[in-house]
1. From the list A:Leu112, A:Leu121, which residue is closer than 24 Å to A:Glu214 by Cα, open to solvent by less than 20 Å² (accessible area, probe 1.4 Å) and in contact (Cβ under 8 Å) with a residue 60 or more places away in the chain?
2. Please work out which one of (1) in a helix (DSSP H, G or I); (2) of a type outside the set (D, E, K, R); (3) under 21 Å from the mean Cα position of the chain (by Cα) is the condition A:Leu168 fails and give its number.
3. Identify, by number, the condition in (1) more than 17 Å from the chain's Cα centre (by Cα); (2) buried (at least 19 other Cβ atoms within 10 Å of the Cβ); (3) of a type in the set (Lys, Arg) that A:Lys42 doesn't meet.
4. Pull up the stretch A:72-92, narrow it to residues that are within 16 Å of the chain's Cα centre (by Cα) and closer than 18 Å to A:Pro124 by Cα, then point me to the one that is surrounded by the fewest Cβ atoms within 10 Å (Cβ to Cβ).
5. Among the numbered conditions (1) part of a helix (DSSP H, G or I); (2) free of Cβ contacts under 8 Å to residues at least 40 places away in the same chain; (3) under 18 Å from A:Gln48 (Cα atoms); (4) in contact with a Leu (Cβ under 9 Å, 6 or more places away or on another chain), tell me where A:Glu204 comes up short.
6. I'm trying to understand the selection: among the residues of the stretch B:99-113, which are in a strand (DSSP E or B) and surrounded by 13 or more Cβ atoms within 10 Å (Cβ to Cβ)?
7. Those residues that are more than 25 Å from A:Thr49 (Cα to Cα), within 14 Å of chain B (Cβ to nearest Cβ) and not polar (S, T, N, Q), I need them from the stretch A:154-182; list them, please.
8. Can you tell me which residue within the stretch A:183-211, out of those that are within 14 Å of chain B (Cβ to nearest Cβ) and either of a type in the set (Phe, Trp, Tyr) or out of contact with any Lys or Arg (no Cβ under 9 Å at 6 or more places or on another chain) (or both), is surrounded by the fewest Cβ atoms within 10 Å (Cβ to Cβ)?
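The values are calculated or read from the model by the stated rules, or taken from the named source; none is laboratory data. The model shown is predicted, which means the values in this text are computed figures rather than measured ones. Note that each Cβ is placed from the backbone with ideal geometry, even for glycine, and that neighbours are counted across all protein chains shown. For accessibility, only protein heavy atoms count, side chains too; no ligands or nucleic acids. Shrake-Rupley method; radii C 1.70, N 1.55, O 1.52, S 1.80 Å.
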Amino acid sequence: MEVKVVKDILGANERIAERNRQLLDSNNVFAVNLMSSPGAGKTSLILQTLKRLKGKIRIGVIEGDVSSSLDAELVAKEGVPAVQINTGGGCHLDANMTSSALGNMPLKDIKLLLIENVGNLICPAEFALGEHRKVLISSIPEGDDKPFKYPLMFHQADAVLINKIDLLPYLKFDAQAFSRTIKKMNEKVKIIQISCTTGQGIEEWVSWLLKQIEKG
Amino acid sequence: MHELAITQSMLDLVLEQAQKAGARGVGKINLVIGEMTGVVEECVQFYFDFLSKGTAAEGAALSFTMVPTTARCRGCDKNFELKEFDWTCPYCQGNNMEIVAGKELFVESIEVE
């Protein structure tokens, strides 16, 4: 006997993500899911963001890594609440892990939650966490062909930050072609060139972020 | 590697549906997977064989319908399959498109006994 199902395989994750979103909304917290390949600069961007927004807005950070609590310790030094999730080999965060981390986050005391996903351009694209925006960091040394290779990630991003832009003179990376490619299938995406080393573009990123929080 | 979590979710969904239908066993699972999801058939099969052991879905055949990434050109309104390194509309050379297929990831139906 054939039974019609037609149900999303990740429906269970979507439902938990929706609950996370409601919890965030009821606490008036705006969450950003930060994704990139390993080493593209997620933690550096978080540290730069904390520096710029210190005293302006209260921030909490969830750090997702396969193992270690190095990133959470680094972030906690800046005096913000930080919760580490170790996926124990898992290649992405999911809504359930995020839900546990939210339980350890003082949601009443923060306005912005930065969630650093596991470094990976494939798996995190599939798993909603309950975030309000998806931000993708793509760094110059990774090459300008990445949108073609990981289309889902680039397609879903609300913003793409091109990091390590200070290395542009030394590497073969066509920043214009890269942006054009992304815009072809993601018309509304915001693309910002940044360098977490020199600080270039960070002001623009932060002002975009603040605008998004206002919009909700 | 996301196939592990995806296969586990798929199995949970299949077992829930089989139980609802009062089935003793699952003979076949029909899956629809979009190319953009990057889900690899062989990986799903590998994890499924392992995860389904001792469940009502053990030994079930997996059937995959893969959906190519398809875009609709906002310029000329025609649909076309997205090529790997060329995202230009083949009809009007337009550069503004909307993805209309390729993100699917669902269980279409199951065959139960």
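1. A:Leu112
2. A:Leu168 satisfies all of (1) in a helix (DSSP H, G or I); (2) of a type outside the set (D, E, K, R); (3) under 21 Å from the mean Cα position of the chain (by Cα) except (3).
3. Evaluating A:Lys42 over (1) more than 17 Å from the chain's Cα centre (by Cα); (2) buried (at least 19 other Cβ atoms within 10 Å of the Cβ); (3) of a type in the set (Lys, Arg) leaves (1) as the failure.
4. In the first step, residues of the stretch A:72-92 are kept if they are within 16 Å of the chain's Cα centre (by Cα); the result is A:72, A:75, A:82-85, A:91-92.
In the following step, the residues that additionally are closer than 18 Å to A:Pro124 by Cα were identified as A:84-85, A:91-92.
On the way: A:Gln84: 21, A:Ile85: 23, A:Cys91: 19, A:His92: 22.
Top of the filtered list is A:Cys91.
5. Condition not satisfied by A:Glu204: (4).
6. Narrowing the stretch B:99-113 to residues in a strand (DSSP E or B): B:99-101, B:105-112.
Scanning the stretch B:99-113 gives B:Ile99, B:Ala101, B:Leu105, B:Phe106, B:Val107, B:Glu108, B:Ser109, B:Ile110, B:Glu111, B:Val112.
7. Residues satisfying the conditions are A:Asp174, A:Ala177, A:Arg180.
8. Among residues in the stretch A:183-211 that are within 14 Å of chain B (Cβ to nearest Cβ) and either of a type in the set (Phe, Trp, Tyr) or out of contact with any Lys or Arg (no Cβ under 9 Å at 6 or more places or on another chain) (or both), the one surrounded by the fewest Cβ atoms within 10 Å (Cβ to Cβ) is A:Lys188.
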